[in-house]
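Encoded as structure tokens, the structure appears first; notes follow it.
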Amino acid sequence: MAFDIAVKDWALGDTAYNQIQSQITESTTERDILNLMAQYGSTSSRARHEAIARGTGTVNKEPINLDADYGLNDTPFR
């Protein structure tokens with residue numbers, strides 16, 4: 001999702017960054033942080049960001065499953 005943020009129109013401003021930071025605790029997982037990040041930014045890109053964070057969703061009216069379609073999941077590479 002960080003790549004998507006960097007190359008698309010979804011910049012996180014200081015306010016969004018601070019709101020996300022205020023919700024992170026020691027028990028917050030990386031998946032939780034991705035879901036928090038998906039809640040902020042451009043509403044036109046929100047479905048894509050939520051699909052990235054959750055691994056499934058609907059993007060451009062098409063269902064997407066990042067694991068089944070592209071082999072992208074939380075499993076360590078090695």
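The values are calculated or read from the model by the stated rules, or taken from the named source; none is laboratory data. Just so you know, these numbers come straight off a predicted model, no measurement behind them. Backbone-built Cβ (ideal geometry, glycine too); neighbour counts: all protein chains shown.
The C-beta contact set for segment 54-78 (first residue free of Cβ contacts under 8 Å to residues at least 24 places away in the same chain, second residue of a type in the set (Lys, Arg), distance under 7 angstrom, 6+ apart or interchain) comprises 59/48. Has segment 60-76 got at least one residue that is farther than 19 Å from residue 13 by Cβ, assigned to a helix (DSSP H, G or I), acidic (Asp, Glu) and over 9 Å from the mean Cα position of the chain (by Cα)? Yes, segment 60-76 has at least one match. Scanning segment 24-59 for residues that are of a type outside the set (A, V, I, L, M, F, W, C), assigned to a loop (DSSP other than H, G, I, E, B), at pLDDT 85 or above and surrounded by 11 or more Cβ atoms within 10 Å (Cβ to Cβ) yields 28, 39, 55.
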